[in-house]
Every structure is written in C-alpha cells, then in structure tokens.
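Below is one structure, written out as structure tokens, with a few remarks after it.
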Amino acid sequence: MTRIIFTVTNDLTYDQRMIRICNSLGSAGYEVSLIGVRRKNSIPLIHQSFNQKRLPIAFQKGLLFYLEINIRLFFHLLFKKAEIFCCIDLDTMLPVYFASVLRKKIRV
C-alpha cells in the first residue's frame with residue numbers, strides 16, 4: 001500500500017479541503033497521513049479514516065512560527081515511513097523538499 005503524507009500549517013479540525021482529499025485517497029486504497037499544527041486552543045481531533053498528527057509549537061504567528069514549524073516538520077518527515085510527501089501550502093515546501101531529496105522519495 002502506498003503511503004502519502006500531506007503537510008499543512010493550519011489546524012486540522014477546520015480544514016475541510018484536506019479532510020475531503022485524505023478521505024478520498026484513503027478510500028482509493030492509499031495509506032494517508034495529514035500533519036498539521038497543534039495550537040493552544042485546538043479542540044480534539046475527530047476520528048477520520050486517515051492518520052492525523054499535530055505538531056506542538058511554541059510560537060503562534062510570525063517569522064518564528066514559520067521557522068519553528070519548518071524545522072519540526074523537516075525532522076518529523078525524516079523519520080516517517082512514506083513513499084510520497086505532499087506540501088499543500090508554500091509554507092511547508094522547504095521541509096518537504098529537503099526531506100524528500102535526502103530520503104529519495106517522491107514529492108508533490
């Protein structure tokens with residue numbers, strides 16, 4: 001089964017586009033993971049047919065937020081099993097690019 005990891009910098013609870021995409025790919029036979037951000041006021045995730053992961057962050061906005069999320073995401077992707085890495089927003093392009101190059105995986 002092909003494993004796909006999607007990355008976003010927002011709260012997974014309210015991202016309906018990613019929930020639709022991940023559910024569709026999960027129904028098609030892919031093993032899908034969605035990685036986002038855990039904020040201080042994040043509500044618990046609703047169980048979905050795909051894996052969800054929130055990375056804890058110290059900074060909530062600004063340059064330090066983007067620096068922190070890119071570093072955390074890069075190291076998280078280095079050790080996750082997946083054949084395809086997909087960055088949804090430009091915010092997550094650098095960690096997906098570098099992790100996919102180092103691990104010789106497909107990036108979208």
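Structure above, values below:
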| item | result |
| --- | --- |
| Summed residue charge, Cβ within 14 Å of Asn70's Cβ, Lys/Arg positive, Asp/Glu negative | -2 |
| Rounded, prolate or oblate (a/c below 1.5 giving rounded, otherwise prolate when a/b exceeds b/c) for the chain by Cα gyration tensor | oblate |
| Gap separating the Cα centres of the stretch 70-108 and the stretch 1-51, nearest whole Å | 15 Å |
| Helix-derived mean residue ellipticity, 222 nm - over the chain, DSSP H n ≥ 4, -39500 (n - 2.57), to 500 | -11500 deg cm²/dmol |
| Potential extension, Asn51-Ile106 segment - 0.36 nm per residue separation minus Cα distance | 17.9 nm |
| Neighbour net charge for Leu45 - beta-carbon separation under 12 angstrom, K R +1, D E -1 | +1 |
| Karplus-derived 3J(HN,Hα), 6.51/-1.76/1.60, for each residue of the stretch 2-9, Hz, glycine and proline x | 6, 9, 10, 10, 9, 10, 9, 10 |
| Residues whose placed amide H lies under 5 Å from that of Arg107, excluding near-sequence neighbours | Phe85 |
| Solvent-accessible heavy-atom area per residue, rounded to whole Å², over the chain at 1.4 Å | 60 Å² |
| Lysine-lysine proximity count for the stretch 26-108, Cα under 27 Å, sequence distance 8 or more or distinct chains | 13 |
| Derived scalar couplings ³J(HN,Hα) [the stretch 76-91; Karplus, 6.51 cos²θ - 1.76 cosθ + 1.60; whole Hz; x for Gly, Pro] | 5, 5, 4, 10, 8, 7, 6, 9, 10, 10, 10, 9, 7, 10, 4, 4 |
| J(HN,Hα) series, the stretch 97-104, from Karplus relation 6.51 cos²θ - 1.76 cosθ + 1.60, nearest Hz, glycine and proline x | 4, 5, 5, 5, 5, 5, 9, 6 |
| Carbon + sulfur, % of accessible area of the chain - ligands and nucleic acids excluded, 1.4 Å | 61 percent |
| Amide H partners (placed H, <5 Å) of Arg54, local residues excluded | Gly36 |
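The values are calculated or read from the model by the stated rules, or taken from the named source; none is laboratory data. Keep in mind the model is a prediction, meaning the values are calculated, not measured. When we count neighbours, we look across all protein chains shown, and the Cβ atoms used for this are built from the backbone with ideal geometry, even at glycine. Side chains are part of the model used for accessible areas, which takes the heavy atoms of the whole protein and leaves out ligands, DNA and RNA. Shrake-Rupley method; radii C 1.70, N 1.55, O 1.52, S 1.80 Å.
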